[in-house]
Structure formats: C-alpha cells, structure tokens
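Down below is the structure, laid out as structure tokens.
The values are calculated or read from the model by the stated rules, or taken from the named source; none is laboratory data. Worth saying up front: this structure is predicted, and the values here are computed from it rather than measured. Here the Cβ positions follow ideal geometry from the backbone for every residue, glycine too, while neighbour counts run over all protein chains shown. Note: areas computed on protein heavy atoms with side chains; ligands, DNA, RNA excluded. Shrake-Rupley method; radii C 1.70, N 1.55, O 1.52, S 1.80 Å.
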Amino acid sequence: MTDCIFCRIVAGDIPCAKVYEDEKVLAFLDINPLMPGHTLLIPKKHAETLFDMSPEEAAACGAALQKVAAAVFKGLDAEGLNVLQNNYEISGQEIFHVHFHLMPRKTGDGFKVPWPAKKYGPGEMESVLQKILKAF
Ligand code: 5GP
Ligand code: ZN
C-alpha cells in the first residue's frame, strides 16, 4: 500500500526510530509522543484494523508486544505502561494500518485515560453477554 504511511515506513521509504524488528513485526517511536518512549508496534503486512489481520500476524504482534513492552518499561525506568489500540475513526484511529501504542508511565506524566465507568441496567449484562457469545 504505497499511500499508507506505515507501509512506507516498513518499506524504508520514510525513516523511523526503530525499536524492534522481526519477520512479521516492526516497532518504532511515535513521532508525536504522549510521553518520551511512546512506541508504536505494527504488523509489517498491511491491515486496516485488528479485525483484518490473519491469526498468524495477530499472534506475531502479541508475542512481540510483550517483548517490546518489557524493553520500553525497563529501559526507561517506567513505573507502569499502557497498551492502547484504536479501531475505526470513532475510537480515535487516525492511521489506518493497525498499530498498538505502548506508553510508558511515570508519576506526574500528566496522562490520564478517560474512564467514565457506568452500571448495567437490570438484565442488560446478560443480554450483552449473549450477543457477544453468539458472534463467535
Ligand atoms: P492513531 O490515532 O491512529 O491510533 O495513532 C496514530 C499515531 O501515529 C499517532 O500517535 C501519530 O503521532 C503517529 N504517527 C503518525 N505519522 C507518523 C510517522 O510518520 N512516523 C511516526 N513515527 N509516527 C507517526
Ligand atoms: Zn499500511
């Protein structure tokens, strides 16, 4: 996909600060980080969202995710680490090549994930559960 910025990074047409690479996966520093060390991990093969990846690519990303997260966490003396992955525009996805954000956390970094937790109404949890189970 020549019009995809992350495919162009994979191809080496656009430079990146490479953190990790294997046969199927590339990780590099985000160009506009929320904090120093904010890293993006992507499958080398183009897929728009998590749902468009093959199980093999998803598994490769999962394995690399743990490895890269551990290095980012340890290397930057982080106290915590968020993993975030956006699918489709409504979730905040801006680059339509699947990517995982790895965000090392430190006290006072000023980053807060909005988490407006809600309560289920009567019977709602069971009906939601059934909808998900039917979709496998
Ligand atoms: P999204 O909002 O799609 O989940 O995140 C896209 C991320 O890609 C953003 O955090 C943005 O800063 C990053 N990004 C966009 N273009 C480039 C680029 O050319 N190089 C790098 N390293 N990061 C990029
Ligand atoms: Zn792409």
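Structure data summary
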quantity	calculated
Sole residue being of a type in the set (Val, Ile, Thr), closer than 23 Å to LEU41 by Cα and without any contact (Cβ under 8 Å) to a residue 24 or more places away in the chain, chosen from VAL113, VAL83	VAL83
Strands (runs of 3 or more DSSP E) wholly inside the stretch 19-136 that include at least 3 residues being within 16 Å of ligand 2 (Cβ to nearest atom) and of a type in the set (Lys, Arg)	none
Test: residue in the stretch 81-92 that is more than 20 Å from LYS112 (Cα to Cα) and exposed (fewer than 11 other Cβ atoms within 10 Å of the Cβ)	yes
Conditions (1) surrounded by 14 or more Cβ atoms within 10 Å (Cβ to Cβ); (2) near ligand 1 (Cβ under 8 Å from one of its atoms); number of the one not met by LYS24	(2)
Number of the condition not met by CYS61 [criteria: (1) in contact (Cβ under 8 Å) with a residue 40 or more places away in the chain; (2) farther than 20 Å from PRO114 by Cβ]	(1)
Options LYS74, LYS44, LYS67: the member that is open to solvent by 30 Å² or more (accessible area, probe 1.4 Å), under 22 Å from THR2 (Cα atoms) and among the basic types (Lys, Arg)	LYS44
Selected residue [over 30 Å from LYS24 (Cα atoms), open to solvent by 30 Å² or more (accessible area, probe 1.4 Å) and within 16 Å of ligand 1 (Cβ to nearest atom)] from PHE111, PHE51	PHE111
